[in-house]
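First comes the structure, then the notes that go with it.
The values are calculated or read from the model by the stated rules, or taken from the named source; none is laboratory data. This one's a predicted model, so the numbers in the text were calculated from it and none came from an experiment. Glycine gets a Cβ as well: all are built from the backbone with ideal geometry, and neighbour counts include every protein chain shown. For the accessible areas, the whole protein counts, side chains as well, though only heavy atoms, and no ligand, DNA or RNA atoms are used. Shrake-Rupley method; radii C 1.70, N 1.55, O 1.52, S 1.80 Å.
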Amino acid sequence: MDGIKSHYTGGSLQISSEVVEKIAWHAAEEVEGVKRVSAPQTTTKALLDKLTPTKPVRVEIKSDVADIEVALVVDYGTKIPEVSEKVQQNVKDSVQNMTSISVAKVDVVITGVEAAQPQ
């Protein structure tokens, strides 16, 4: 199991990287201006070059420290730098508060911009 291991009196706690991915996913979606968490669009050639599909949230944990990458589609008209900073902070805070795993960095990749659908 990938993840962090912490020892507690009478036992231990293991948190998988998949759990950290879900926390990061939900934290990113909470930020105003984020349409959705979405993997980058890949061409057929790119799919053939890479056998593993790109995930919208990737977490790498080394020595009890996480590096996180989140791919997003944002609302049209959103100030992308501001939304990116809010996503970085919210993801970092959420992961650290819920898991006690230190977050070294949160990379944000904007994969698209979408206008609101008329109602």
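Quick look at the numbers
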{"read-out": "Extreme residue, least open to solvent (accessible area, probe 1.4 Å), among residues of the stretch 96-119 that are touching an Asp or Glu at 6+ places or on another chain (Cβ under 7 Å) and farther than 16 Å from residue 33 by Cβ", "value": "101"}
{"read-out": "Filter pass, residue 4 being open to solvent by less than 90 Å² (accessible area, probe 1.4 Å), farther than 30 Å from residue 116 by Cα and either at pLDDT below 85 or in contact with an Asp or Glu (Cβ under 6 Å, 6 or more places away or on another chain) (or both)", "value": "yes"}
{"read-out": "Residue satisfying all of: in the stretch 65-95; over 19 Å from residue 18 (Cβ atoms) and among the polar types (S, T, N, Q); most open to solvent (accessible area, probe 1.4 Å) among these", "value": "89"}
{"read-out": "Hits in the stretch 58-95 (condition: touching a residue at least 60 places away in the same chain (Cβ under 8 Å), under 20 Å from residue 39 (Cα atoms) and polar (S, T, N, Q))", "value": "90"}
{"read-out": "Subset tally (residues that are assigned to a helix (DSSP H, G or I) and closer than 17 Å to residue 71 by Cβ) for the stretch 95-119", "value": "1"}
{"read-out": "Among residues of the stretch 24-56, those that are surrounded by 12 or more Cβ atoms within 10 Å (Cβ to Cβ), closer than 20 Å to residue 67 by Cβ, over 11 Å from the mean Cα position of the chain (by Cα) and modelled with pLDDT under 95, counted", "value": "2"}
{"read-out": "Extreme residue, nearest to the chain's Cα centre (by Cα), among residues of the stretch 7-23 that are surrounded by 15 or more Cβ atoms within 10 Å (Cβ to Cβ) and modelled with pLDDT of 90 or more", "value": "21"}
{"read-out": "Where a residue in the stretch 28-45 is more than 13 Å from residue 91 (Cα to Cα) and its partner, wherever it lies, is modelled with pLDDT of 95 or more and of a type in the set (Asp, Glu), with Cβ under 6 Å and at least six apart", "value": "33/75; 35/75"}
